[in-house]
Amino acid sequence: MHSDTTLAAEVEAAVSAAIGAILKEDDPVKRYEKLGHQLTVYDRVVTRIADEKAQCAADLASKGESFARVAGLLSVGTRSRAQQLIGRGRRQPVIFAFRDQNGELHGDAHLLATIPHDEAQLQFEPTDRNLFFTGHLLQVYFGHVDEDTVTPSLYAYTTVDTTTGERRVRPTQKIHDILFATRTDS
């Protein structure tokens, strides 16, 4: 454990490294905009660190450790808190965006720039032939998305990943709704 003095010095060094140059900006509007961008970056860093910590709890549980033991090993207090961490660490990736055959992006494409993700192909062949994307080969993008931001669908699709073979991945509800929209030109 670090002392409060050591922790304060570490925080000040991190702040200086991250935004020292920005704080020297004379124009308050530019300084505000740059600080806003840095805040977004660091919010995502904090989320990523929390995800990685949760993954540690999930790794311990997958090795057979009980919730109570995980709580003790990680000093998180209660069995319930350990269970929450383990659940967060076991979170599965979701399809949050896709590119259609015409190259158009659908869904939460803005997340492509902000979260680590994988991509795969999905040959969309539902039984309802009156859906807009029926028969399309789609490029899907999936990753660990904050479930406070998007809602996962209850359904899972089989995607084709050239490196790992077939894999079942749930879409967000938004992606599911887009894929199952009925053609309007029929």
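Hey, can you tell me all the residues within segment 127-151 that are in contact (Cβ under 8 Å) with a residue 60 or more places away in the chain and touching a Ser or Thr at 6+ places or on another chain (Cβ under 8 Å)?
Going residue by residue through segment 127-151, those that are in contact (Cβ under 8 Å) with a residue 60 or more places away in the chain are 144, 146.
Within segment 127-151, Asp146 is the sole residue that qualifies.
Considered as a group, the residues in segment 3-40 that are part of a loop (DSSP other than H, G, I, E, B) and either surrounded by 12 or more Cβ atoms within 10 Å (Cβ to Cβ) or of a type outside the set (Lys, Arg) (or both) include one that is modelled with the lowest pLDDT, and that residue is Ser3. In this entry, Arg79 is excluded by the filter for residues that are closer than 29 Å to Ile178 by Cβ and of a type in the set (D, E, K, R).
The residues of segment 132-186 that are open to solvent by less than 20 Å² (accessible area, probe 1.4 Å), in a loop (DSSP other than H, G, I, E, B) and modelled with pLDDT of 90 or more, listed by number, are Phe133, Thr134.
The values are calculated or read from the model by the stated rules, or taken from the named source; none is laboratory data. Please read all numbers here as calculations on a predicted model, not as lab measurements. Positions of Cβ are generated from backbone atoms using ideal geometry, with glycine treated the same way; all protein chains shown enter the neighbour counts. Accessible surface areas use protein heavy atoms only, side chains included; no ligands, DNA or RNA. Shrake-Rupley method; radii C 1.70, N 1.55, O 1.52, S 1.80 Å.
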